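The values are calculated or read from the model by the stated rules, or taken from the named source; none is laboratory data. Keep in mind the model is a prediction, meaning the values are calculated, not measured. Cβ coordinates were reconstructed from backbone atoms using ideal geometry, including for glycine residues, and neighbour counts include every protein chain displayed. Calculation scope for accessible area: heavy atoms of the full protein, side chains included, ligands and nucleic acids excluded. Shrake-Rupley method; radii C 1.70, N 1.55, O 1.52, S 1.80 Å.
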Protein chains: 2
Amino acid sequence: MEFALSDTGEPTYILNFKESEVIKKSKLGFEIKKDSLSLKDQFEVTEVQTSSFDQSWEPVWGEERSIRNHYNELLVQLKQEHTERALNIRFRLFDDGLGFRYEFPEQDQLIYFVLEEELSEFAMTGDHTAFWIPGDYDTQEYDYTKSKLSEISGKMESAITPISSQTPFSPTGVQTALMLKTEDGLYINLHEAALINYSTMHLNLDDKNMVFQSWLTPDANGDKGHIQAPFNTPWRTIIVSDDARDILDSKITLNLNEPSKIENTDWIKPMKYIGVWWELITGKGSWAYTNDFPSIQLGVTDYASAKPNSTHGAHTAHVKSYIDFAAEHGFDGVLVEGWNQGWEDWYGNSKDYVFDFVSPYPDFDVKAIQDYAQQKGVEMIMHHETSGSIRNYERHLDTAYQFMKTHGYNALKSGYVGDILPRGEYHYSQWVVNHYQYALEKAAEYEIMVNAHEAVRPTGISRTYPNLIANESARGTEYQAFGGSKANHVTVLPFTRLIGGPMDYTPGIFEMDISTLNPHNNSHVNATIANQLGLYLTMYSPLQMAADLPENYMRFPDAFRFIKDVAVDWDESIYLEAEPGEYVTVARKAKGTSNWFIGNVNGFESRKTSIKLDFLEEGITYTARIYEDAKDAHYKENPQAYKVRQIQIRKNSKLKLRSAPGGGFAISIIKN
Amino acid sequence: MEFALSDTGEPTYILNFKESEVIKKSKLGFEIKKDSLSLKDQFEVTEVQTSSFDQSWEPVWGEERSIRNHYNELLVQLKQEHTERALNIRFRLFDDGLGFRYEFPEQDQLIYFVLEEELSEFAMTGDHTAFWIPGDYDTQEYDYTKSKLSEISGKMESAITPISSQTPFSPTGVQTALMLKTEDGLYINLHEAALINYSTMHLNLDDKNMVFQSWLTPDANGDKGHIQAPFNTPWRTIIVSDDARDILDSKITLNLNEPSKIENTDWIKPMKYIGVWWELITGKGSWAYTNDFPSIQLGVTDYASAKPNSTHGAHTAHVKSYIDFAAEHGFDGVLVEGWNQGWEDWYGNSKDYVFDFVSPYPDFDVKAIQDYAQQKGVEMIMHHETSGSIRNYERHLDTAYQFMKTHGYNALKSGYVGDILPRGEYHYSQWVVNHYQYALEKAAEYEIMVNAHEAVRPTGISRTYPNLIANESARGTEYQAFGGSKANHVTVLPFTRLIGGPMDYTPGIFEMDISTLNPHNNSHVNATIANQLGLYLTMYSPLQMAADLPENYMRFPDAFRFIKDVAVDWDESIYLEAEPGEYVTVARKAKGTSNWFIGNVNGFESRKTSIKLDFLEEGITYTARIYEDAKDAHYKENPQAYKVRQIQIRKNSKLKLRSAPGGGFAISIIKN
């Protein structure tokens, strides 16, 4: 990389990879609100510091037991003479990419200020291929579009599909992590790291010049950030390689975050779980307890005298059957949604006092369930849907977390469906980003693990707060019950959404015909069963759900076995094959064992592959169980056609495998 | 009053007093957002219910020991046939005025909706005289303008003086409580009662037709209220009389609020207090502890190593001297502002995490002060300045209240100086009105009395939550140190601001030349000492400050005696004389005694009066101490000229008194 000031004192940088240009000369800076003195030009360099860093650290959970953080650093200290304002830019150059951030040092001439816009540029060298979703202040739950950069504006309208809360902002606005591929076969990924107390960054493309420009999420007044110096922005990251696998393997995002601020992390544990959830998502059952009331006033509405509907999922007997199933099949936890009062009118009403997070429905016996789960050795996972009403959530947060601890819950799924309250704010604005962080840090005080849905996409913060065990923040499995996602969706997510951190994708659907659960729902899950198994490896997360109903798993016990066997925490991960939109294959070594698991997901075209197992230990024989698509399997036509075979393998073995369209494979490799 | 539907089904009402029209035919209704089906016309009456009510109740504190609530009620049930929507309007007609509110009953066709505007009209019968301040979403801290209605638009610009947070909205927008006087000598007061979970109402004048129209405070999106049926709006009140004293004596506002929701009220006690305050307001001392830092990061900034400035008011020794003074002179409490970290950059920065409400400055020894105050039998009054950052306040509220209880504080002054965070909201929008109520109700849980400054003006809520012992919400004494208020300001406030509830006006300034405290402050207090004494009666509040410095009181011990002697809670109050802008004289009987106190404040013109004492007990002799303006007293020229005389009086005595311009008098009447 190179830093330079232009003739007019604009900070600029370029980035090369091997002999190729990756980022052409790109400007850096800010437009400040109500201030003629912008922070974009007329700078002089006052000092330059270089240094290098090479240390390894051990994550509480992760893809690797140990992560190396190795970079050369360049700190450029800038000053505008006429304003006496200082701005520093810190670059960290890794083997696999670059991170940079702005630092506003303490100074008299710039203390409190409002950002009109951040002016970071990422100038592309050509009309690359991009895997993109629409830039949006409120959601990332879109299917990915693969197109040339020049085609984005033409495809934007059809890319914007309806979602419960959405605010797209530009015909060439896209989200990060953005995955790009050049004609020369270079892979480029643009994202950010350590998004704390700042607006979420989107990218807006100047598609004449092929320059991406940072586009921060505004607040209710249209402002893009309130800053108090000293302050450091999040890092802007550019991961680059000529091998797509390196993008998935990159630890830049984690490394640019601060080390853990949680001292004792014993209570943070990866989990495999099931839940009263898919039956609700598909419309087989309901979150709501009754159909009696047109609207609910918490504390006033008399649930005790209400007539229960026949569809409420979270009733005690049903939950106990899930606990039984979890105990029998070795799942760590059971999630239950729709356990608390308020679901009758929770959505779409801009309702302030929508839930109190501590009042169960009459048919959900908190104490009995706690006792039963404890007796069976199963953890209960709490659910807090906020409906986007974040003031209300913060008002109840202490009580809600205390309620969890009192009733034996150590893990939480939170949700932010619908428009944000305070009204005028967005899911990704500084105000609301601050809220997610507040809820996360407070959860850490209570020793609670958080899996936040519809929150801002992660940026590696789980290094600093490892109780953030997962996020949704992308189009998850639920959309397979809302009309279906693209069959290659899961081959893109590892290159985009997962760059920031684990996703609670909720894989493991075995029954692809949703009308079998709900005759009014004709949605089809665009995946084969083998693909669903592969996801437990390709969608890395320390929190993995088996999302389908117990009865569906019981129909396919040999396939279900893989979900039971697969680990959720790892000593080592090797991306064997990867191409965004096409395929991802990864091998992972289960933490503290000699066992390996391999997963593959495949795109639209059927694909053959041959896998070398040279990562296995020398001189050892392993039993491999291979779960793969049957010959005629197809995500649409024949999704349940799979084979399971068992073979003996060694380090020098090769596996020949074939993945169907929308298919995949999963392999467990157990040391004999 | 009469209710009628117009030809097009618009709800309308009129109000008469004796033979005169007070409110001409005025429309009622709502414009609903994103809805072609407005709630303003095409109604039919489905049912009419009438009833009457006559009960007395005893307030926890107040002007009277017992308050009669006596009205006839008319409930009109309306329906729009084409929309099947129901809207009820409830009228309560008292001897001294009318209250009405809208009620949205539970119904299928109207559950959640957004108000574009409330369409309540108050059609005047002519070009009345009004005592008004500019309609503003953020402040009421304006001097009053007396003008004809037709003159409002011409005088608006000069009426809008600079204030820390202000958002005027219309050249004919004014605030309630609005005091009006007709050419025929009728007094009309427009306000609201029981403002809970709704936007604050302003009035916008159509000055061609002399019709006031309700104008609600918008939220960040410009919406004027989010409603969930069933819901009742606040009451709109019209107090009417041909005797100005009846306006002051009216209990309509209190009576239209719900009875106390606090069961045990033993902990709620009227208080007279002093404080480390006026020295800060005048600029003699500072809230801030140090001048070392350009900005503060709570928890990061190292106060322990900072150099203290020499002006910090809230240091332990100084506070102890206030405790000594309070104990010696019989004050119940001592308020201390500037005790907590963060005052160095608290204002004007839109700073989110501005205070934590529990971290004292290094020179404020919480424990030592608690012990000292307890030993001296003095209550400490806590101060929470939020700087308008209400999310931050709510996040710390439990901790802050708990800190108070731990350290022996039972009363709180809260403040909301500056623009509101969440940004885009206003001091008077539904979102923020909801916050004040939240903080008040939570304070009640902790048994804490609240005196909220810069919050929304009160609407009688202290009946329901009597721990709301006072508010500011108007131009208080502090403005006498910021350039001065009009000399007749205090003759208007009882007719306007005080209609909703008590004001922490902080009277009792004896030294009118502020430059004696701070040579850089040339402000002059536009009042005589006798006027300042009269305020303890005319500005009714269960919380009364003696705002000046102890050393100034010691210079005038005979005048100070009245402040020491005067009661703060009453069995009976009699408004003897009243004319807005001119004078107010009131006699009050101290609670549980036979002693009376009389106070008068006077406007710009010197005035003689003769007061009958026929409210005294038959056959008893009393000692009256009369504190009055000296002959040559004048609020500007000679404000400290007063006389004190003592005489014996009986029921049939008459007192001849004279008030100087900006003057007044105060009388203590003690049974022999």
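Brief remarks follow.
- The contact residues of region B:371-416, meaning those that lose at least 20 Å² of 1.4 Å-probe accessible area when all protein chains sit together rather than their chain alone, are B:391, B:394, B:395.
- Multiplying the residue separation of residue B:68 and residue B:184 by 0.36 nm and removing their Cα-Cα distance gives an extension gain of 38.9 nm.
- Per DSSP, loop GluC sites (Glu not before Pro) in region B:51-116 with at most 12 further Cβ within 10 Å: B:81, B:84
- Protein accessible area in region B:329-382, 1.4 Å probe - carbon and sulfur %: 45 percent
- Global form of region B:306-372, assessed from the alpha-carbon gyration tensor, a/c cut-off 1.5: prolate
- Around the amide H of residue A:271, modelled in the peptide plane, lie the amide H atoms of A:543, A:544, all under 5 Å away and 5 or more residues distant in sequence or on another chain.
- Computed [θ] at 222 nm, deg cm²/dmol, chain A (DSSP H ≥ 4; -39,500 (n - 2.57); rounded to nearest 500): -4500 deg cm²/dmol
- When residue A:148 is represented by a point 7 angstrom out along its Cα-to-C-beta vector, the spacings to that point in the other copies are 7.4 nm, nearest first.
- Calculated FRET value between residue A:50 and residue A:208, using beta carbons and R₀ = 30 Å, to 0.05: 0.25
- Amide H contacts of residue B:361: B:340, B:341, each under 5 Å away and 5 or more positions distant or on a separate chain (H built 1.01 Å from N in the peptide plane; Pro and chain starts excluded).
- Viscosity 0.890 mPa s, 25 °C: Kirkwood-radius Stokes-Einstein D of chain A over Cα pairs, µm²/s: 95 µm²/s
- Distant-in-sequence amide contacts of residue A:205, defined by a placed amide H-H separation under 5 Å and a gap of 5 or more residues or a different chain, comprise A:172, A:173, A:174, A:213.
- For region A:394-433, backbone nitrogen atoms closer than 13 Å to the point 7 Å from residue A:445 Cα along Cα-to-C-beta are found at A:394-402.
- The protein assembly as shown - share of DSSP beta bridges that are antiparallel (%, nearest 5): 85 percent
- For region B:268-343, averaging the sequence separation of C-alpha pairs within contact (under 8 Å, six or more residues apart) and dividing by the residue count gives a relative contact order of 50 percent.
- Number of partner chain Cβ atoms within 10 Å, mean per residue of A:426-437: 1
- Dimensionless Rg ratio for the protein assembly as shown, taking C-alpha atoms and the 2.2 N^0.38 Å reference: 1.04
- Solvent-accessible area per residue, Å², over region A:101-194 with all protein chains present [probe radius 1.4 Å]: 32 Å²
- Sulfur and carbon atoms: percent of accessible area, region B:529-672 [1.4 Å]: 47 percent
- Coil-residue trypsin sites (Lys or Arg not before Pro) of region A:620-672, DSSP, other Cβ within 10 Å capped at 16: A:631, A:636, A:650, A:651
- For chain B, the relative contact order works out to 12 percent when only alpha carbon pairs closer than 8 Å and six or more residues apart are counted.
- Residues in region A:106-128 that, when all protein chains are in place, have 30 Å² or more less accessible area than the chain alone would give (probe 1.4 Å): A:106, A:111, A:112
- Residue-normalised accessible area of region B:619-672, given per residue in Å² at a 1.4 Å probe: 46 Å²
- Accessible area expressed per residue, region B:478-576, with surrounding protein chains retained (probe 1.4 Å, Å²): 23 Å²
- Split the accessible area of region B:197-287 by element, probe 1.4 Å, and carbon with sulfur accounts for 41%.
- Chains A and B together bury roughly 3000 Å² of accessible area, counting both sides, with a 1.4 Å probe on protein heavy atoms only.
- Residue B:605-residue A:20 pseudo-label distance in nm [points 7 Å out on the Cα-to-Cβ vector]: 9.1 nm
- Annotation: peptides A:489-500, A:584-595, ranked by per-residue average of other Cβ atoms within 10 Å with the highest first, follow the order A:489-500, A:584-595.
- Simple label model, 7 Å out from Cα along Cβ direction - residue A:564 to residue A:108, nm: 7.3 nm
- Cβ-vector label at 7 Å, residue A:127, separations to other copies in nm: 7.2
- Using a 7 Å projection from Cα along Cα-to-Cβ, the label point at residue A:550 is separated from the same position in the remaining copies by 7.3 nm, smallest value first.
- Backbone HN-Hα couplings from phi across region B:73-81 [Karplus 6.51/-1.76/1.60, Hz, Gly and Pro as x]: 10, 10, 10, 9, 9, 10, 9, 9, 5
- Karplus-derived 3J(HN,Hα), 6.51/-1.76/1.60, for each residue of region A:131-139, Hz, glycine and proline x: 10, 9, 10, x, x, 7, 7, 10, 8
- Summary value for region B:316-396: 42 percent relative contact order, contacts being C-alpha pairs under 8 angstrom separated by 6+ residues.
- Here the Karplus relation 6.51 cos²θ - 1.76 cosθ + 1.60, evaluated at θ = phi - 60°, turns the backbone of region A:216-226 into coupling constants of 7, 7, x, 9, 4, 8, x, 7, 10, x, 10 Hz, with x for every Gly and Pro.
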